[in-house]
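A.B. asks: Here it is: the structure, laid out below.
Every number here is computed from the coordinates shown, using simple stated rules; none is lab data. Source: prediction; values computed, not measured. Cβ sites come from the backbone with ideal geometry, for glycine too, and all protein chains shown count toward neighbours.
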Amino acid sequence: SRVLVIQNEYIRARFDPDSGLLMELENLDQNLRLPVRQAFYWYNASTGNSLSSQVSGAYIFRPNRQQPLLVSHWAQTHLVKTALVQEVHQNFSAWCSQVVRLYPGQRHLELEWTVGPIPVGDGWGKEVISRFDTVLETDGLFYTDSNGREILERRRDYRLTWKLNQTEPVAGNYYPVNSRIYITDGNMQLTVLTDRSQGGSSLSDGSLELMVHRRLLRDDARGVGEPLLEEGSGLWVRGRHLVLLEKARNAAAGHRLQAEKEVLAPQVVLARGGGAPYRLE
Amino acid sequence: SGDSAPLNEAMAVLQHHDAVSGTSRQHVANDYARQLAEGWGPCEVLLSNALARLSGSKEDFMFCRKLNISVCPLTQTSESFQVTIYNPLGRKVDWMVRLPVSKHVFLVRDPSGTVVPSDVVMIPSSDSQELLFSASVPALGFSIYSVTQVPGQSPQAHIHHPRSQKPW
């Protein structure tokens, strides 16, 4: 079939043959299958509006509209398959690409994203997210960690300790994600592990998003005195999201062990070899 | 002699909320990066001395800081090299090592001298390739793998032709 598929003993990922986007994830071991569409979007940074003059900046995330814009509806793809790795290279645009990877024995899907330099020639600041959309009925709930330890339940447009009058439907629902964010319908759980702290949320049922890069053109008048705008052509950033699909009841074991491996990843040191024998004495 | 104090000092300075959340001016952010980078150098000497002592051989250890963008002059130019993988976790891990290499076939041996499966994968839309092999590393320990180029052989391309989707 024309559907692009990569798999190992535990995971199978399918990609839409027309758009090249991820469209389904299967956990072969636990016999779970979930349509998951992942794509990159960008929020147009606010420069102030009739409701508030607040600008999006280093301290403040404030998109100028609720709906982000797609970086691209489709990706050019390359498929690489060897005995030690299966990967789909997705090229969305000149400043956004991703490699979706599976190694033998791996129980998660690795998404290595590369974003930047974010173009701002159109005069718009951009706040780039990776968003996963599924059919999970999550009832307004999602979960984010606190420094990799405690998992906190988050409810859209709600605060546990005070009656929230939500004035920012997007930014008001963003939370810090230090190592993981997940959504569940009580049966299946979709977890995304991060390799660094990012902002994250679930702005509609079954959806979760993580902010991977920002480039803004205005100062947000909170003290920095300059916009979040790297000099020159701007930075490009590369990172990884590890995606796990599991039964809700045993998902914690999966993401906790994998997150430890991610945070305390092995370090590689190289040498030509053949050095002189060395003994302290 | 190595020294971890400069990196400790830099990490201490970077506990400031501006460093953690990126709410500093650009030149301050650049200086944070400079302090970290300056701290790496003496720490790498410290790590090299520890590895020399623990592995029993005095090597000129190299730390390729740009492996995430497939840049490592040593592995890209040498016909043979050693890969030491240190595992900070309190349990054994299997880890897929990816190293940028020249366009050749390589033989990878584990610490016992046994050849382990390896692959050279071409990176699409770039003219570089990466050597892959799975390393098994003990808890809070390290494993040393040796890599040697097999003369006269070139890696087969594993890329299935690009599929240019129908643009909507």
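A.B. asks: When the helix-only estimate is applied to chain A (DSSP H runs of n ≥ 4, each -39,500 (n - 2.57), divided by the residue count), what is the mean residue ellipticity at 222 nm, nearest 500 deg cm²/dmol?
C.D. replies: Values: 1 runs with 13 residues, N = 281.
My calculation for chain A gives -1500 deg cm²/dmol from helical runs alone.
A.B. asks: What is the gain in length, in nm to one decimal, between residue A:256 and residue A:165 on full extension, counting 0.36 nm per residue of separation less the C-alpha to C-alpha distance?
C.D. replies: Values: separation 91, 0.36 × 91 = 32.76 nm, distance 3.45 nm.
Between residue A:256 and residue A:165, full extension yields 29.3 nm more.
A.B. asks: Taking neighbour counts of Cβ atoms within 10 Å as a proxy for exposure, in what order, fewest first, do A:181, A:6 appear? List each step's numbers first, then the result.
C.D. replies: Values: A:181 29, A:6 20.
Least crowded to most crowded, the residues run A:6, A:181.
A.B. asks: Expressed as an acute angle from 0 to 90° and rounded to the nearest 10, what is the orientation of the C-alpha long axis of helix B:26-55 relative to the principal long axis of chain B?
C.D. replies: 60
A.B. asks: What distance in nm separates the simple spin-label points at residue A:158 and residue B:116, each placed 7 Å from Cα in the Cβ direction?
C.D. replies: About 4.8 nm separates the two model spin labels.
A.B. asks: Which value results when the Cα radius of gyration for segment A:1-61 is divided by 2.2 N^0.38 Å? Each step should come with its number before you reach the end.
C.D. replies: Working: Rg = 19.3 Å, N = 61, 2.2 N^0.38 = 10.5 Å.
That ratio works out to 1.84.
A.B. asks: In degrees, nearest 10, range 0 to 90: what is the angle between the Cα axis of helix A:251-263 and the longest Cα principal axis of chain A?
C.D. replies: 90
A.B. asks: I've got another one for you. Can you put B:96, A:211 in order of Cβ neighbours within 10 angstrom, beginning with the fewest?
C.D. replies: Working: B:96 16, A:211 19.
The most exposed by this proxy come first: B:96, A:211.
A.B. asks: If the convex hull of the alpha-carbon atoms of chain B is projected onto planes in all directions, what is the mean projected area in square nanometres?
C.D. replies: Values: hull surface 58.3 nm².
For chain B, the mean projected area of the Cα convex hull comes to 14.6 nm².
A.B. asks: I need the Kirkwood Rh of segment A:131-281: take the reciprocal of the average 1/r across all distinct C-alpha pairs and report it in angstrom. Before the final figure, lay out the partial values.
C.D. replies: Working: mean 1/r = 0.0551 Å⁻¹.
Mean inverse Cα-Cα distance, inverted, gives 18.2 Å.
A.B. asks: Over segment A:211-281, what portion of Cα pair distances is larger than 20 Å, expressed as a whole percent?
C.D. replies: Numbers: 1666 of 2485 pairs.
Cα-Cα pairs of segment A:211-281 separated by over 20 Å account for 67 percent.
A.B. asks: Taking the mean number of other Cβ atoms within 10 Å as a proxy for protection, how do you rank B:101-108, B:30-37 from highest to lowest? Provide the component values of the computation, followed by the final result.
C.D. replies: On the way: B:101-108: 17.9, B:30-37: 14.2.
The packing order, highest mean first, is B:101-108, B:30-37.
A.B. asks: Non-local amide H neighbours of residue B:57 (under 5 Å, H modeled in plane, Pro and chain starts lacking H): which ones?
C.D. replies: Long-range HN contacts for residue B:57: A:278.
A.B. asks: Tell me which cysteines of the protein assembly as shown come out unpaired when the rule is another cysteine's Cβ under 4.7 Å.
C.D. replies: By the Cβ distance rule, which asks for a partner under 4.7 Å, the isolated cysteines are A:96, B:43.
A.B. asks: Whole-Hz ³J(HN,Hα) for each residue in segment A:76-83, computed from phi via Karplus 6.51 cos²θ - 1.76 cosθ + 1.60 with θ = phi - 60°, x for glycine and proline: what do you get?
C.D. replies: Result, ordered by residue: 7, 10, 10, 9, 10, 10, 9, 5 Hz.
A.B. asks: What does the structure give for A:81-91 when I average, per residue, the other chain Cβ atoms found within 10 Å of the residue Cβ?
C.D. replies: 5
A.B. asks: Can you tell me the Rg and Dmax of segment A:19-110, counting just the alpha carbons, in angstroms?
C.D. replies: Every Cα atom of segment A:19-110 included, Rg and Dmax give 18.1, 58 Å.
A.B. asks: Can I ask one more? Assign one of three labels to segment A:145-222, namely rounded, prolate or oblate, based on the Cα gyration tensor with a ≥ b ≥ c the square roots of its eigenvalues; rounded applies when a/c is under 1.5, prolate when it is not and a/b is larger than b/c, and oblate otherwise. Each step should come with its number before you reach the end.
C.D. replies: Numbers: a/c = 1.75, a/b = 1.24, b/c = 1.41.
Oblate, because a/c is 1.5 or more while a/b does not exceed b/c.
A.B. asks: Name the long-range amide H neighbours of residue A:275: under 5 Å, sequence gap of 5 or more, or other chain; modelled H, no Pro or chain starts.
C.D. replies: none
A.B. asks: What is the Rg over Rh value, at two decimals, for the protein assembly as shown, using alpha-carbon atoms and the Kirkwood definition of Rh? Before the final figure, lay out the partial values.
C.D. replies: Values: Rg = 23.0 Å, Rh = 23.7 Å.
On the Cα set of the protein assembly as shown, Rg over Rh gives 0.97.
A.B. asks: Now a separate question. Provide A:153, A:87, A:226 in ascending order of the number of other Cβ atoms located within 10 Å of each residue's Cβ, fewest first. Don't jump to the answer; show the numbers that get you there.
C.D. replies: Numbers: A:153 9, A:87 22, A:226 14.
Placing the least packed residue first, the sequence is A:153, A:226, A:87.
A.B. asks: Ok, one more. Mind checking Rg over Rh on segment A:1-157, alpha carbons, Kirkwood formula for Rh?
C.D. replies: Working: Rg = 18.2 Å, Rh = 17.9 Å.
With Rh from the inverse mean 1/r over Cα pairs, Rg/Rh is 1.02.
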